[in-house]
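Some notes on the structure that comes next.
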Amino acid sequence: MAVCARLCGVGPSRGCRRRQQRRGPAETAAADSEPDTDPEEERIEASAAVLAGVGGGLCAGPSPPPPRCSLLELPPELLVEIFASLPGTDLPSLAQVCTKFRRILHTDTIWRRRCREVLHRYRHILGLWQPDIGPYGGLLNVVVDGLFIIGWMYLPPHDPHVDDPMRFKPLFRIHLMERKAATVECMYGHKGPHHGHIQIVKKDEFSTKCNQTDHHRMSGGRQEEFRTWLREEWGRTLEDIFHEHMQELILMKFIYTSQYDNCLTYRRIYLPPSRPDDLIKPGLFKGTYGSHGLEIVMLSFHGRRARGTKITGDPNIPAGQQTVEIDLRHRIQLPDLENQRNFNELSRLVLEVRERVRQEQQEGGHEAGEGRSRQGPRESQPSPAQPRAEAPSRGPDGTPGEDSGEPGDASAAAEQPAQCGQGQPFVLPVGVSSRNEDYPRTCRMCFYGTGLIAGHGFTSPERTPGVFILFDEDRFGFVWLELKSFSLYSRVQATFRNADAPSPQAFDEMLKNIQSLTS
């Protein structure tokens with residue numbers, strides 16, 4: 001190291017008073033507390049002195065001694081450049097030399113460069129991804145973590161605790177140690193890391209493959225694997241689940257998902273862009289979906305409509321489909337608290353709005369056919385890039401499963417009293433089922449919305465009316481009118497890097513792509 005510094009012609013290390021004068025008191029004290037050299041440096045310098053003496057004997061006349069310098073005297077910016085060019089296997093040892101080196105080796109610039117130069121083939125996989133696991137989907141976050149690139153699978157909390165934090169587990173990791181080749185390890189199963197492979201299909205798609213799937217097997221066979229999976233996925237045993245239909249859905253998911261053995265294809269997804277006039281900040285939310293448990297939904301805003309797109313799904317409404325759509329042009333005035341308990345009263349309000357929506361759509365279509373355009377909040381049409389939303393679905397036995405979606409228009413915002421935006425008491429009508437009874441008892445405002453419901457296998461999908469209830473910045477709900485069911489959604493608080501869409505158009509295109517895969 002000292003030889004490299006000497007070649008830079010920096011000058012003497014501690015004898016340079018001008019450099020010391022430029023230091024502040026804190027820097028001077030820190031430098032004095034650090035060793036000038038270590039035994040390895042002294043050995044290198046001694047060898048260099050011998051070589052210099054040999055070289056001097058070949059010349060006529062004495063040569064001046066070479067200037068002495070330590071790497072510790074180099075500015076941090078130059079050390080970052082030097083360290084970033086070293087093999088990854090040298091960096092852990094370098095971090096043990098002194099506090100200064102260890103601090104510099106925590107610089108993101110070094111590891112970003114290693115991703116670009118050393119592991120250039122993997123630089124495109126950082127960010128958020130959705131695995132292709134049939135209707136179930138998922139959420140994968142690929143990040144740089146120390147000496148590795150790690151793919152973390154994010155899982156919703158156990159049903160029905162929608163406000164609990166997300167769970168996560170590693171699926172693969174890539175070593176950043178080697179200069180030429182990278183080591184990929186599969187982290188699936190309970191026997192520790194083992195050999196895996198990653199193939200970059202294209203910029204926004206890659207696949208993983210485990211080369212030692214025997215590491216995924218357990219000594220107790222499939223029964224032990226199922227019991228372990230059930231405890232991790234649901235936080236309970238099968239005996240604790242008394243609903244027979246729910247048991248069937250859980251067993252079906254285990255059989256379907258376990259066959260992949262971490263050999264999956266992933267497609268990039270983006271977080272929704274945010275605008276100042278959005279009702280709340282868009283993002284990812286955890287929602288309750290009846291017997292299917294908790295699922296992840298992405299809330300995004302598209303002009304005067306908001307959409308909830310499934311990131312994880314189920315056999316009724318698969319991942320990629322839009323579970324709810326909210327018409328922000330039409331707010332709904334809830335009755336007083338006592339009348340809110342009457343389901344027929346809520347149903348009457350929503351159906352009146354739906355009829356108004358149909359009339360406006362017919363009028364808008366007629367006028368469009370005559371070549372006339374109408375402007376204003378009640379006549380604006382959704383853009384073609386804005387697909388219509390959906391609602392919960394029906395399972396094989398007709399129980400609530402998923403989502404629905406029909407665009408709707410309710411009373412205009414100007415018609416709503418101020419108290420709805422300031423906070424209004426809220427209670428679910430009698431007869432409306434909810435997986436989580438611990439929902440907020442005050443709401444800010446309500447809008448007409450639609451959700452998608454369907455039979456098993458996404459058969460006979462239809463859009464049905466409902467009510468979107470905004471509780472606060474981080475929670476909202478949806479009442480599925482036809483199913484007499486309530487879903488509660490809570491924001492995912494995790495921070496994701498490298499997940500922003502390069503443009504609003506790219507985000508809209510991503511939504512279309514993930515929806516087309518399951519349509």
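Give the residues of segment 268-284 that are in contact with a strand residue (DSSP E or B) (Cβ under 9 Å, 6 or more places away or on another chain) and more than 18 Å from Pro131 (Cα to Cα), sorted by residue number. Can you show your working first?
Here is the first cut: in segment 268-284, the residues in contact with a strand residue (DSSP E or B) (Cβ under 9 Å, 6 or more places away or on another chain) are 268-275, 277-284.
Those that are in contact with a strand residue (DSSP E or B) (Cβ under 9 Å, 6 or more places away or on another chain) and more than 18 Å from Pro131 (Cα to Cα): Pro272, Pro273, Ser274, Arg275, Asp277, Asp278, Leu279, Ile280, Lys281, Pro282, Gly283.
Considering each of Arg227, Arg236, Arg217 in turn, give the residue that is of a type in the set (D, E, K, R) and under 27 Å from the mean Cα position of the chain (by Cα). Walk me through how you get there before you give the answer.
Numbers: Arg227 fails: under 27 Å from the mean Cα position of the chain (by Cα); Arg217 fails: under 27 Å from the mean Cα position of the chain (by Cα).
Only one candidate passes the filter, namely Arg236.
Being assigned to a helix (DSSP H, G or I) and either crowded, with 22+ Cβ neighbours inside 10 Å or among the acidic types (Asp, Glu) (or both): is that true of Glu355 here?
Numbers: assigned to a helix (DSSP H, G or I): yes; either crowded, with 22+ Cβ neighbours inside 10 Å or among the acidic types (Asp, Glu) (or both): yes.
For Glu355, the condition - assigned to a helix (DSSP H, G or I) and either crowded, with 22+ Cβ neighbours inside 10 Å or among the acidic types (Asp, Glu) (or both) - is met.
Of (1) open to solvent by 10 Å² or more (accessible area, probe 1.4 Å); (2) on the phi > 0 side of the Ramachandran plot; (3) at pLDDT 95 or above, Gly320 satisfies all except one. Which?
(1)
Among the residues of segment 237-255, what is the count of those that are in a helix (DSSP H, G or I) and either open to solvent by less than 20 Å² (accessible area, probe 1.4 Å) or under 19 Å from Val162 (Cα atoms) (or both)? Lay out the reasoning, then the answer.
Our first condition is that a residue be in a helix (DSSP H, G or I); within segment 237-255, this holds for 238-240, 244-255.
If we keep only those that are either open to solvent by less than 20 Å² (accessible area, probe 1.4 Å) or under 19 Å from Val162 (Cα atoms) (or both) too, we end up with 245-246, 249-250, 254.
Selection size over segment 237-255: 5.
Would you pick out the residues in segment 201-236 that are touching a strand residue (DSSP E or B) at 6+ places or on another chain (Cβ under 9 Å), outside any helix (DSSP H, G or I) and open to solvent by 50 Å² or more (accessible area, probe 1.4 Å)?
Matches in segment 201-236: Val201, Lys203, Asp204, Lys209, Asn211, Gln212.
Sort out which residues of segment 96-109 are among the hydrophobic types (A, V, I, L, M, F, W, C) and farther than 19 Å from Ile149 by Cα, and write them in order of number. I'd like the intermediate steps shown before the answer.
Of the residues in segment 96-109, the ones among the hydrophobic types (A, V, I, L, M, F, W, C) are 97-98, 101, 104-105.
Hits for segment 96-109 are Val97, Cys98, Phe101, Ile104.
Please specify each residue of segment 448-478 satisfying the condition of being β-branched (Val, Ile, Thr) and either closer than 18 Å to Asn316 by Cβ or at pLDDT below 95 (or both).
If we filter segment 448-478 for residues that are β-branched (Val, Ile, Thr), which is where we start, we get 450, 453, 459, 464, 467, 469.
Answer for segment 448-478, where residues must be β-branched (Val, Ile, Thr) and either closer than 18 Å to Asn316 by Cβ or at pLDDT below 95 (or both): Thr450, Ile453, Thr459, Thr464.
State which residue is surrounded by the fewest Cβ atoms within 10 Å (Cβ to Cβ) when the search covers only segment 464-484 and only residues that are more than 28 Å from the chain's Cα centre (by Cα) and over 16 Å from Ser433 (Cα atoms).
Thr464
Which ones in segment 434-463 are exposed (fewer than 15 other Cβ atoms within 10 Å of the Cβ), within 24 Å of Tyr136 (Cβ to Cβ) and under 28 Å from the mean Cα position of the chain (by Cα)?
Gly457
When the residues of segment 325-339 are narrowed to those that are in contact with a Lys or Arg (Cβ under 7 Å, 6 or more places away or on another chain) and open to solvent by less than 10 Å² (accessible area, probe 1.4 Å), which ends up farthest from Phe447 (Cα to Cα)? Break it down stepwise before answering.
Keep residues of segment 325-339 that are in contact with a Lys or Arg (Cβ under 7 Å, 6 or more places away or on another chain), which gives 325-329.
Keeping just the survivors that are open to solvent by less than 10 Å² (accessible area, probe 1.4 Å) gives 325-327.
On the way: Glu325: 10, Ile326: 7, Asp327: 7 Å.
Among them, the one singled out is Glu325.
What pairs can you find where one residue is in segment 171-184 and part of a strand (DSSP E or B), the other is open to solvent by less than 30 Å² (accessible area, probe 1.4 Å) and at pLDDT below 70, and their Cβ atoms are less than 7 Å apart, with a gap of 6+ or different chains?
Once the first residue is part of a strand (DSSP E or B) and sits in segment 171-184, its partners that are open to solvent by less than 30 Å² (accessible area, probe 1.4 Å) and at pLDDT below 70 give Ile174/Leu119.
Residues of segment 289-310 being in contact with a Phe, Trp or Tyr (Cβ under 9 Å, 6 or more places away or on another chain) and open to solvent by 10 Å² or more (accessible area, probe 1.4 Å), which ones?
Those that are in contact with a Phe, Trp or Tyr (Cβ under 9 Å, 6 or more places away or on another chain) and open to solvent by 10 Å² or more (accessible area, probe 1.4 Å): none in segment 289-310.
Consider only pairs whose beta carbons are under 6 Å apart and that are at least six residues apart or on different chains; among these, list those whose first residue lies in segment 244-261 and is touching a residue at least 24 places away in the same chain (Cβ under 8 Å) and whose second residue is open to solvent by less than 80 Å² (accessible area, probe 1.4 Å) and part of a helix (DSSP H, G or I).
Filtered contacts from segment 244-261: His245/Ser291; Met246/Ser291; Leu249/Ser291; Phe254/Phe226; Phe254/Trp229; Asp261/Thr213; Asp261/His216.
Report yes if Gly431 is touching a residue at least 12 places away in the same chain (Cβ under 8 Å), open to solvent by 20 Å² or more (accessible area, probe 1.4 Å) and touching a helix residue (DSSP H, G or I) at 6+ places or on another chain (Cβ under 6 Å), otherwise no.
On the way: touching a residue at least 12 places away in the same chain (Cβ under 8 Å): yes; open to solvent by 20 Å² or more (accessible area, probe 1.4 Å): yes; touching a helix residue (DSSP H, G or I) at 6+ places or on another chain (Cβ under 6 Å): yes.
When the stated conditions are applied, Gly431 passes them.
So, Pro315, is that one open to solvent by 10 Å² or more (accessible area, probe 1.4 Å), within 19 Å of Thr464 (Cα to Cα) and either at pLDDT 95 or above or not in a strand (DSSP E or B) (or both) or not? First the steps, then the outcome.
Numbers: open to solvent by 10 Å² or more (accessible area, probe 1.4 Å): yes; within 19 Å of Thr464 (Cα to Cα): yes; either at pLDDT 95 or above or not in a strand (DSSP E or B) (or both): yes.
So Pro315 fits the description; yes.
The values are calculated or read from the model by the stated rules, or taken from the named source; none is laboratory data. Predicted model, so just to flag it, every value in this text is computed and none were measured. When we count neighbours, we look across all protein chains shown, and the Cβ atoms used for this are built from the backbone with ideal geometry, even at glycine. Just so you know, the surface numbers come from the protein's heavy atoms only, side chains and all, with ligands and any DNA or RNA stripped out. Shrake-Rupley method; radii C 1.70, N 1.55, O 1.52, S 1.80 Å.
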